[in-house]
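The structure appears below as structure tokens.
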Amino acid sequence: MSIEDNLTATPAVAPDAAALTLPLNVEQIQALLPHRFPFLLLDRILEFEPRKRIVALKNVTANEPFFQGHFPGRPVMPGVLIIEALAQAGALMILQAQPERDSKLVLFTGIEHARFRRPVVPGDQLRLEVTVTAFRSIAGKMDGVAYVDGKLVAEAKLSCAVVNR
């Protein structure tokens with residue numbers, strides 16, 4: 001049986017998962033995710049429903065390290081990093097509801113139907129919305145969409161696995 005066949009109901013949520021006081025700032029995000037600068041791509045969590053939905057923000061600044069080479073004179077945020085930001089938001093949502101989360105990692109295992117609609121440039125604020133479509137204790141699938149000023153800039157279907165650190 002494949003992972004996809006095994007994905008059905010959402011299991012019980014860890015007792016403190018719903019206890020988050022929103023919005024979360026970057027320090028609070030770092031307490032939940034293992035990512036650090038320059039690869040932490042979330043600045044704020046606005047909305048959170050354990051193992052259901054999360055809304056996060058990424059402020060795209062001119063001093064992002066990737067802009068040095070992508071592209072000099074016309075900086076554009078790489079699409080793969082927009083997808084990574086969506087994956088990080090999804091990972092935070094999954095980890096927060098995971099029993100023994102301090103000993104777990106959420107790994108990005110797949111991407112389907114990724115589409116990039118508009119460039120993301122310095123000064124933009126990405127609104128990242130991730131919704132769980134299926135989850136079991138060790139694997140999940142999510143839909144992610146990213147917006148700037150209410151306009152769709154990227155979307156993808158993401159899959160992940162929960163593993164021991």
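Nothing in this text is a laboratory measurement; each read-out follows from the coordinates by a stated rule. Here the structure is a predicted model, which is why all the values come from computation and not from measurement. Cβ sites come from the backbone with ideal geometry, for glycine too, and all protein chains shown count toward neighbours.
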Counting only helical runs of four or more DSSP H residues, what would the 222 nm mean residue ellipticity of the chain come to if each run contributes -39,500 (n - 2.57) and the total is spread over all its residues? -5000 deg cm²/dmol
Using 0.36 nm per residue of separation minus the Cα-Cα distance, give me the extension gain between residue 25 and residue 152 in nm, one decimal. 43.3 nm
Here are several values of semi-axes √(5λ) of the Cα gyration tensor in Å: (i) 27, 18, 14; (ii) 33, 21, 12; (iii) 21, 19, 17. Which one was derived from the coordinates shown? (i)
Partners for residue 151 among lysines (Cα-Cα distance below 21 Å; same-chain residues under 8 apart left out): 58
Lys/Arg +1, Asp/Glu -1 at C-beta; the chain dipole; positive extreme among 106, 46, 75: 75
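Under the 0.36 nm per residue contour assumption, what length would be gained going from the current alpha-carbon distance of residue 107 and residue 138 to full extension?
Numbers: separation 31, 0.36 × 31 = 11.16 nm, distance 1.03 nm.
Length gained between residue 107 and residue 138: 10.1 nm.
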Charge dipole (debye, nearest 20) of the chain; +1 at Cβ of Lys and Arg, -1 at Cβ of Asp and Glu: 200 debye
Straight-line reach from residue 52: which lysines have a Cα under 20 Å away, not including same-chain ones fewer than 8 places off? 104, 141, 157
Enter the angle in degrees (range 0 to 90, nearest 10) between the Cα long axis of helix 79-96 and the first principal axis of the Cα atoms of the chain, meaning the one along which they spread out most. 30 degrees
Mean separation of Cα contacts under 8 Å (at least 6 apart) over the residue count of segment 3-164, i.e. the relative contact order in percent, is 26 percent
Relative contact order for segment 47-122 using alpha-carbon pairs under 8 Å, separation at least 6, rounded to a whole percent? 39 percent
The chain: most fluctuating residue of 128, 57, 40 per GNM, C-alpha cutoff 10 Å: 40
